[in-house]
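Structure first, commentary second.
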């Protein structure tokens with residue numbers, strides 16, 4: 001394993017490498033340059049469903065390998081987190097996508113979200129607190145999934161410098177997100193979770209004619225949908241064990257505003 005892999009992969013049986021994703025930790029994705037080691041009898045990295053996946057540094061997105069030759073299977077990644085070199089690590093996005101798809105996570109349009117809110121649902125804005133203060137959906141409750149970087153070690157300071165170059169604020173995962181949600185949100189109440197742009201779980205593109213789908217094909221650029229903070233938050237709220245009636249706002253705050261629904265400052 002190269003120096004980058006040794007620095008990024010930690011924990012039981014970690015074998016990181018370029019295919020393990022940034023800052024990977026745990027016992028999962030395998031072997032140098034993202035290529036897993038061969039296993040007797042089943043082909044290198046082969047998954048029963050016929051694919052493995054890895055994080056491609058060049059395109060900065062998760063990639064599915066239908067041949068099972070690179071990265072790791074769902075089981076390989078199950079006890080690994082990523083992004084832990086600065087702040088708390090978190091579940092790799094393909095696992096979040098798989099879990100939300102398995103439970104039938106519903107994404108709704110702004111009109112339906114407003115109707116749910118008027119019927120008693122709580123809109124949960126998971127953006128950082130200062131973004132929420134600048135503008136948010138009227139009546140929303142802020143439970144940030146990320147916060148400004150608080151650490152002072154080398155990786156934290158490098159993150160601050162890198163983000164400052166782009167005139168952006170360095171953030172890290174909020175380790176208290178689940179606890180903050182329990183303290184701020186009423187138990188048993190429907191939740192509509194939003195961030196800035198929403199993301200999506202769909203992996204196909206639909207062509208429509210007269211409002212009807214006439215053809216669907218796979219989106220090769222988004223084999224795991226479109227990663228977003230609001231979808232990650234939906235997953236964490238579900239796994240907290242305290243919330244189950246959870247909706248995801250498609251398009252987030254930007255689509256809400258574009259369609260003329262009320263926001264506040």
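Here, each number is a calculation from the coordinates, and none is a lab measurement. Here the structure is a predicted model, which is why all the values come from computation and not from measurement. Counting neighbours? That spans all protein chains shown, and the Cβs are built from the backbone with ideal geometry, glycine included.
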Worksheet item: So for the pair residue 61, residue 202, with labels modelled 7 Å out along Cα→Cβ, what separation do we get in nm?
Response: 1.5 nm
Fill in: Rough spin-label spacing in nm, given labels placed 7 Å along Cα→Cβ, for residue 98 and residue 168
2.7 nm
Worksheet item: D for the range 182-231, whole µm²/s, Stokes-Einstein with Kirkwood Rh over alpha-carbon pairs at 25 °C and 0.890 mPa s: what number?
Response: 181 µm²/s
Worksheet item: Considering the alpha-carbon set of the range 58-172 alone, what are its Rg and its Dmax in angstrom?
Response: 18.1, 50
Worksheet, complete the sentence: Extension length gain for residue 259 and residue 130 (0.36 nm per residue less Cα distance), in nm, is 44.1 nm
Worksheet item: Any idea what the relative contact order of the range 142-265 is, in percent, if you count C-alpha pairs under 8 Å spaced at least 6 apart?
Response: 27 percent
Worksheet entry | Taking the range 71-164 and dividing mean pair separation by its residue count, relative contact order in percent (alpha carbons under 8 Å, at least six apart) | 23 percent
Worksheet, complete the sentence: For the range 157-204, inverting the pair-averaged 1/r of distinct alpha-carbon atoms gives a Kirkwood value in Å of 14.3 Å
Worksheet item: What is the distance in Å between the Cα centres of the range 68-116 and the range 242-259?
Response: 17 Å
Item to complete: Using only Cα positions of the range 119-265, each an equal point scatterer, no hydration layer, compute I(q)/I(0) via Debye at q = 0.13, 0.16, 0.18 Å⁻¹ and quote the log10 values to two decimals.
Response: -0.70, -0.98, -1.13
